[in-house]
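Here is the structure we will look at, set down as structure tokens.
The values are calculated or read from the model by the stated rules, or taken from the named source; none is laboratory data. Remember, predicted model here, so these are calculated numbers, not experimental data. Note that we place each Cβ from the backbone using ideal geometry, even for glycine, and neighbour counts take in every protein chain shown.
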Amino acid sequence: MAGARERVKVLREEIARHDFRYYVQDDPEVPDAEYDRLVQELKALEAAHPELVSSDSPTQRVSGAPAREFGSVEHRVPMLSLDNAFADEDIVNFDRRVRERLEIEGSVAYNCEPKLDGLAVALRYEDGELRVGATRGDGLKGEDVTVNLRTIKSVPLKLRGRGYPRVLEARGEVFMAVRGFERMNAELEARGEKTFVNPRNAAAGALRQLDPRITATRPLEIFFYGIGAVDGGTLPGRHSELLAALRGWGLRTCPEIELQEGVVGLLGYYRQIGARRASLPYQIDGVVYKVDSLAQQRDLGFVARAPRWAIAHKFPAEEELTTVRDIEWQVGRTGALTPVARLEPVFVGGVTVSNATLHNVDELHRKDVRVGDTVIIRRAGDVIPEVVRVIEERRPPNTIAPTLPSHCPVCGSDVRRVEGESVARCTGGLVCPAQRKESLKHFASRRAMDVEGLGDKVVDQLVDAGLVHDASDLYGLTAERLAELERMGEKSAAKLVASIAKSRDTTLPRFLFALGIPNVGEATALALAEHFGELAALQAATLEQIMEVPDVGPIVAAGVREFFDEGRNREVVDKLIGHAVRWPAVATGRSEHQPLAGKTFVLTGTLPTLSRADAEDMIRKGGGKVTGSVTKKTDYVLAGENPGSKIEKARTLGVSVIDEAAFARLVD
Ligand code: IVH
């Protein structure tokens, strides 16, 4: 009991401090998941020891006091929060509770919405005019941020159409789209100002700016998802219809909203949105299910601060805390040294992460990551995990800032830094086993020579055992030699020899890509192959001739020339061809069908069926060009859902804006 009392006290202080950092300073010290755990622990302790509950506990009020500088606004209808669910089972139980309370046999219709990671606001429209806008605050009283909300372009100052109630309090989420956030941070950084940790904090900071002129420069957006107080008017009977009505009055709603039936529908929605989470233009931390019938919502009512008719189904956190066990230097294919943080394993973004790249020595120093540090790890979508930042408050004493090694940790050769660049390279070249291993892994990879079964572990073994020095040695391997390797059975040895043999039949672009020429990726390899048609012609080409290849500049051309001028590289190429690595002749020149020849395109928004990469591919294949920003020279802006400011730019410049269907007709 005494222990519990003490722990409750510690937790309350800790939570209060995080609330201050998060809500008042917009500068949180720890990721949300860590904060949630503290609150969860406190709730559990208070449930087990009800006598310890006091009115000043963070569980007894929704945290966040209005800042002194803004006027305060009382919410006539309290702004509630949502219960959180993580497991499918929680949703099954939620749906069961709903049906039991409503005494319904069949399935319930739910309106499903992304749970936007921003700030809840309430906007009061009187006779169609925006009067007051407030933050959620503690749910009963918020801050008057009307002047700031008015600066958000997606907030209408006047409602459109007719039929809206005389008083309509529209509620929604203010947020910053990822692209706007990144652009803003880049600008802040260029001006030497402090950048924001994530879009949510950036949005919070912008909305609680005392100078609305600054707010106006920040790319804030809003999606409306509900209503508060309403006077004088009748509203539809379903939440989905209500959202449609809001949309009709000019109040923006999220385009991903869907109506679903029963648990199966809810979980299907959760998976579908989850799969697209990383590619949505804004950050979300889950989805929200709301009973669609407003009559049913009324019957269900509320418990404490959350409605019984809605629940938030959260995604696994994308940011987590862990500690750095070690910092090691990895040597890549081109000798580049990459610092990698070895971590105390942590579950983040749906997987267990134990390594995170620190990119390069400059990044390492900028973030000042040290062994023993507590760090925030981020893993979003399938992006490789990265260290967001160090929690300096938790740094143990006597840590040492890591430095770039002067010698390669693998082969001991000198490490050289290229003037003006952040890359440091091992100068060992083919002497360095790390570089040889990475070159071989690249050579064998799926998009290069596609040697099935030649994984990283086998490559390491082959190089360590001295069986393979360069790629050409692969083709001399026998099943007997291979079977000598540890954990390699006779069967898999025979299989590997067969797939190595099979890889000999390749294409020239694949072969060029597989060689690992500096700066020659798949696209450049293809361009080189199509331009020269055969390897000998490329090998014999002058620097100037190589630069005639579309999109090949002086740096790439010099890299290609240097690669083939190096005797050891030529030797490997000759040996490969000696081992009967071969490819069919390549047709040079452009294909006949070039409907987009000479046309310049800019892409914006999400297209209904084509991915961005597909669309870009089609444009290039059709002879067109893709650029990043709209200018007078742009021929078409290909726009999908949620387009950016590029549309407006196109309109002012008189550039044609087309959708996917019109694009398909152009290509045809
Ligand atoms: S409905 C009574 N819908 O989540 C229902 N909230 O945990 C109250 N949020 O404070 C909110 N997206 O800031 C609702 N589509 C959505 C939402 C959403 C994000 C936030 C909102 C709210 C918090 C509740």
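Selection of first residues in segment 308-331 that are within 20 Å of Val263 (Cβ to Cβ) and of second residues that are of a type in the set (Asp, Glu) and more than 16 Å from the ligand (Cβ to nearest atom), restricted to Cβ pairs under 9 Å at least 6 apart or on distinct chains, gives the following pairs, ordered by first then second residue: His313/Asp88.
Filtering segment 380-412 to residues that are closer than 30 Å to Ala275 by Cα, in contact with a strand residue (DSSP E or B) (Cβ under 7 Å, 6 or more places away or on another chain) and either among the polar types (S, T, N, Q) or assigned to a loop (DSSP other than H, G, I, E, B) (or both) leaves Ile384, Pro385.
So, in segment 341-357, of the ones that are surrounded by 18 or more Cβ atoms within 10 Å (Cβ to Cβ) and in a strand (DSSP E or B), which residue ends up farthest from the ligand (Cβ to nearest atom)? Quick ask: steps written out before the conclusion?
Kept after step one, since they are surrounded by 18 or more Cβ atoms within 10 Å (Cβ to Cβ), are these residues of segment 341-357: 341, 343, 346, 348-349, 353, 356.
Next cut, in a strand (DSSP E or B) only: 341, 343, 346, 348, 353, 356.
On the way: Ala341: 32, Leu343: 30, Val346: 24, Val348: 21, Val353: 27, Ala356: 29 Å.
Among those that are surrounded by 18 or more Cβ atoms within 10 Å (Cβ to Cβ) and in a strand (DSSP E or B), it is Ala341.
Picking from residues in segment 272-313 that are of a type in the set (Lys, Arg) and at pLDDT below 95, the one that is nearest to Pro114 (Cα to Cα) is Arg277. So, in segment 279-316, how many residues would count as being more than 11 Å from the ligand (Cβ to nearest atom) and either outside any strand (DSSP E or B) or not hydrophobic (A, V, I, L, M, F, W, C) (or both)? Final tally of qualifying residues: 16. Total residues in segment 392-426 satisfying the condition of being surrounded by fewer than 15 Cβ atoms within 10 Å (Cβ to Cβ) and within 25 Å of Phe513 (Cα to Cα): the figure is 2. Only a single item in (1) touching a Phe, Trp or Tyr at 6+ places or on another chain (Cβ under 9 Å); (2) surrounded by 15 or more Cβ atoms within 10 Å (Cβ to Cβ); (3) at positive phi is not met by Glu320, and it is number (3). Within the option set Thr215, Thr234, being more than 16 Å from the ligand (Cβ to nearest atom), crowded, with 21+ Cβ neighbours inside 10 Å and at pLDDT below 95 holds for one residue only, Thr215. For segment 233-278, a residue qualifies if it is within 28 Å of Gly128 (Cβ to Cβ), assigned to a helix (DSSP H, G or I) and not small (Gly, Ala, Ser), and the qualifying residues are His239, Glu241, Leu242, Leu243, Leu246, Arg247. Highlighted here are the strands (runs of 3 or more DSSP E) found entirely within segment 63-140 that include at least 3 residues which are under 24 Å from Ile257 (Cα atoms) and within 16 Å of the ligand (Cβ to nearest atom): 109-116, 119-126. Within segment 317-334, the set of residues being within 21 Å of Asn84 (Cβ to Cβ) and either outside any loop (DSSP other than H, G, I, E, B) or of a type in the set (D, E, K, R) (or both) comprises Glu318, Glu319, Glu320, Leu321. Only a single item in (1) aliphatic (A, V, I, L, M); (2) surrounded by fewer than 20 Cβ atoms within 10 Å (Cβ to Cβ); (3) farther than 29 Å from Val178 by Cα is not met by Leu337, and it is number (2). Of the listed requirements (1) within 16 Å of the ligand (Cβ to nearest atom); (2) under 26 Å from the mean Cα position of the chain (by Cα), Ser240 misses just one: (2). I'm trying to understand the selection: among the residues of segment 453-468, which are surrounded by fewer than 15 Cβ atoms within 10 Å (Cβ to Cβ) and either at pLDDT 95 or above or at negative phi (or both)? Matches in segment 453-468: Gly455, Asp456, Lys457, Asp464, Ala465.
From the list Arg124, Arg179, Arg171, Arg160, pick out the single residue that is at pLDDT 95 or above and closer than 30 Å to Thr606 by Cβ. None of the others qualify; the one that does is Arg171. Being buried (at least 16 other Cβ atoms within 10 Å of the Cβ) and within 29 Å of the chain's Cα centre (by Cα) holds for only one residue in Thr634, Thr627, and it is Thr634.
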